[in-house]
């Protein structure tokens with residue numbers, strides 16, 4: 001989802017240079033910020049759950065797929081957030097629990113699995129760009145700062161994140177070539193899969209509670225941002241997740257490298273069944289399938305770069321354009337957004353937004369932000385049409401936040417006094 005909103009702790013997590021109008025911000029533990037995001041470019045629920053035959057449903061999904069499709073699930077939960085101003089410098093620190101599942105699935109491989117080689121002939125190559133899976137769960141402890149320059153028109157910010165991973169799995173290498181004809185398949189494969197935390201109970205036995213709070217899977221991440229004010233125009237740019245995590249707890253590395261000519265399954269006359277076991281044993285030997293435990297490995301953080309242009313029409317009305325590029329594995333995804341913010345008073349905001357995710361998913365969003373005394377409440381949901389017609393749902397997002405915001409107008413710069421929060425939240 002791409003939008004601009006005034007959930008202060010989340011905005012500072014997305015852009016360390018995000019401006020706002022409060023000197024002190026305290027995120028209420030657990031409910032200071034909580035979000036869940038879901039994207040599925042492959043199919044809608046109505047494509048599968050209908051009164052058509054199973055074959056029709058599956059074939060309809062396969063026929064409408066692009067060369068590679070994505071499924072993404074993200075969850076973020078703030079355990080602690082504190083922000084405060086010291087003259088023209090703003091400091092923030094906190095802790096966040098995150099988990100994510102990201103999958104890229106190739107159409108041609110799914111068609112091959114369903115149709116066999118009756119419709120698929122010639123060459124088929126798979127890389128990490130087409131077929132990739134990564135699962136992550138862990139905690140982030142972060143420290144950020146921002147400072148204003150040039151007569152308070154420019155804010156520069158940065159954040160350092162100490163990352164502790166609980167569990168992880170990733171496809172680190174995927175090179176598969178298939179030569180297909182009516183009589184045999186020639187397969188060459190070079191695959192590397194790395195995992196950590198597969199046996200979590202055993203990990204807890206070895207390290208106890210420390211492996212849950214401060215596990216040995218550790219890394220560093222860095223975020224950078226800038227916001228520039230020019231009359232009624234505000235420009236912002238952000239680079240997130242520059243860094244990596246080293247995984248040491250309960251690691252297991254799976255490798256496979258080799259080639260095989262597959263000429264079909266044989267029928268066992270005695271058992272009256274197809275002889276799957278002998279084929280699987282032959283495949284394991286031909287592709288040299290191995291698993292190795294106790295070897296550490298590194299995983300890169302999924303990098304995001306974001307930019308935004310915000311137009312202040314008058315104190316009550318704003319328009320914003322946003323772009324987000326997300327790098328995961330060997331693939332770059334593009335997201336675009338357009339939003340409108342209505343501020344009838346100083347204590348309430350309404351946002352309407354449209355976003356184009358992964359250059360394919362069309363979403364319409366609505367959200368509200370209100371301040372009651374020192375309490376700020378934020379509620380935003382994605383894909384309005386999907387809430388009314390859930391069978392059409394391909395993506396959804398829900399964000400809630402409850403924070404203490406204190407000492408309004410005692411800001412670090414004129415830019416903060418002139419502007420409400422402007423940034424481009426994204427899953428990080």
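No lab work stands behind these numbers, since they all come straight from the coordinates. For clarity, every value in this text was computed on a predicted model and none was experimentally measured. Counting neighbours? That spans all protein chains shown, and the Cβs are built from the backbone with ideal geometry, glycine included.
Here is how the numbers come out for the structure above:
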item	result
Modelled FRET efficiency - R0 51 Å, residue 330 with residue 24, Cβ distances, 0.05 increments	0.75
Förster-model FRET efficiency, 30 Å R0, residue 319 and residue 222, C-beta, rounded to 0.05	0.45
Cβ-based exposure ranking for 261, 37, 175, in which fewest neighbours within 10 Å come first	261, 175, 37
Net length gained if the chain between residue 87 and residue 398 were fully extended (0.36 nm per residue, minus Cα distance)	108.5 nm
Extended-chain gain in nm, criterion 0.36 nm per residue less alpha-carbon gap, residue 56 and residue 186	43.8 nm
Cβ-derived FRET efficiency at R0 56 Å, residue 125 paired with residue 150, nearest 0.05	0.65
Spin-label pair residue 36/residue 291, simplified geometry with 7 Å Cα→Cβ offset, distance in nm	3.0 nm
